[in-house]
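Contents: one structure, followed by commentary.
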Amino acid sequence: MSYFNEVFKNEILNVSLTSWFIAQGIKVILTILTKKKFDLYRFVGSGGMPSSHSSMVMGLSTAVGLKTGWSSVAYGISLVFALIIMYDASGVRRAVGKQAIILNKILEDKHRHIPIGERRLKELIGHTPVEVFAGALLGIIIANLMI
């Protein structure tokens, strides 16, 4: 039982998880405001504003920097990790989302002539650079509030 007590006392982990949780909650709220519907899937789904991946990893790296110092090895490692995650979120995963849009269009066109059973691909996978920046900023703010 002491393992769980120790894990829940970890400030850096708490900042990271709180950053993710708040970013996902914002997605649900924005969906309510923009689409006028409550979509709980937005809380666990990927893509959208703000990027919870970016929020989580920037919360992590900011918390590490605040706790261990900006010149520490741990901060350097966590910042590089955060930058890779954010690059992937806005680059690779965004491209996959664009491909899903095109493939879904092909499926729709094919459905008009020959009925097939393929399911639509998920299109909201990656993030725009603005979504990544907003998530990163959210993580930095949360880390500074919690540490």
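Across the range 39-66, which residue is surrounded by the most Cβ atoms within 10 Å (Cβ to Cβ) among those that are at pLDDT below 90 and among the hydrophobic types (A, V, I, L, M, F, W, C)?
If we take residues in the range 39-66 being at pLDDT below 90 and among the hydrophobic types (A, V, I, L, M, F, W, C), then MET49 is surrounded by the most Cβ atoms within 10 Å (Cβ to Cβ).
Conditions: (1) β-branched (Val, Ile, Thr); (2) out of contact with any Asp or Glu (no Cβ under 7 Å at 6 or more places or on another chain); (3) surrounded by 13 or more Cβ atoms within 10 Å (Cβ to Cβ); (4) free of Cβ contacts under 8 Å to residues at least 24 places away in the same chain. THR31 meets all but one. Number of the miss?
(2)
Residues in the range 72-82: is at least one under 12 Å from ALA143 (Cβ atoms), out of contact with any Leu (no Cβ under 7 Å at 6 or more places or on another chain), among the aromatic types (Phe, Trp, Tyr) and surrounded by 15 or more Cβ atoms within 10 Å (Cβ to Cβ)?
Yes, because at least one residue in the range 72-82 is under 12 Å from ALA143 (Cβ atoms), out of contact with any Leu (no Cβ under 7 Å at 6 or more places or on another chain), among the aromatic types (Phe, Trp, Tyr) and surrounded by 15 or more Cβ atoms within 10 Å (Cβ to Cβ).
I need a count of the residues in the range 34-54 that are under 30 Å from VAL92 (Cβ atoms) and either of a type in the set (D, E, K, R) or free of Cβ contacts under 8 Å to residues at least 24 places away in the same chain (or both). So that I can check it myself, show each step before the final result.
Going residue by residue through the range 34-54, those that are under 30 Å from VAL92 (Cβ atoms) are 34-35, 37, 39-54.
Pick out the ones that are also either of a type in the set (D, E, K, R) or free of Cβ contacts under 8 Å to residues at least 24 places away in the same chain (or both) and you get 34-35, 37, 39-44.
So the answer is 9.
Would you confirm whether any residue within the range 68-83 is without any contact (Cβ under 8 Å) to a residue 60 or more places away in the chain, in contact with a His (Cβ under 6 Å, 6 or more places away or on another chain) and among the β-branched types (Val, Ile, Thr)?
Here is the first cut: in the range 68-83, the ones without any contact (Cβ under 8 Å) to a residue 60 or more places away in the chain are 68-83.
When the remaining residues are screened for being in contact with a His (Cβ under 6 Å, 6 or more places away or on another chain), the result is none.
No.
Taking the range 15-44 as the search range and keeping residues that are in a helix (DSSP H, G or I) and more than 16 Å from the chain's Cα centre (by Cα), which one is farthest from LEU79 (Cα to Cα)? Working first, answer last.
Pass one, the range 15-44, residues in a helix (DSSP H, G or I): 15-35, 41-44.
This time we only want the ones that are more than 16 Å from the chain's Cα centre (by Cα), so: 32-35.
Values: ILE32: 33, LEU33: 33, THR34: 33, LYS35: 35 Å.
Ranking the candidates gives LYS35 first.
The values are calculated or read from the model by the stated rules, or taken from the named source; none is laboratory data. Keep in mind the model is a prediction, meaning the values are calculated, not measured. FYI the Cβ positions are ideal-geometry reconstructions off the backbone, even for glycines, and counts take in every protein chain you see.
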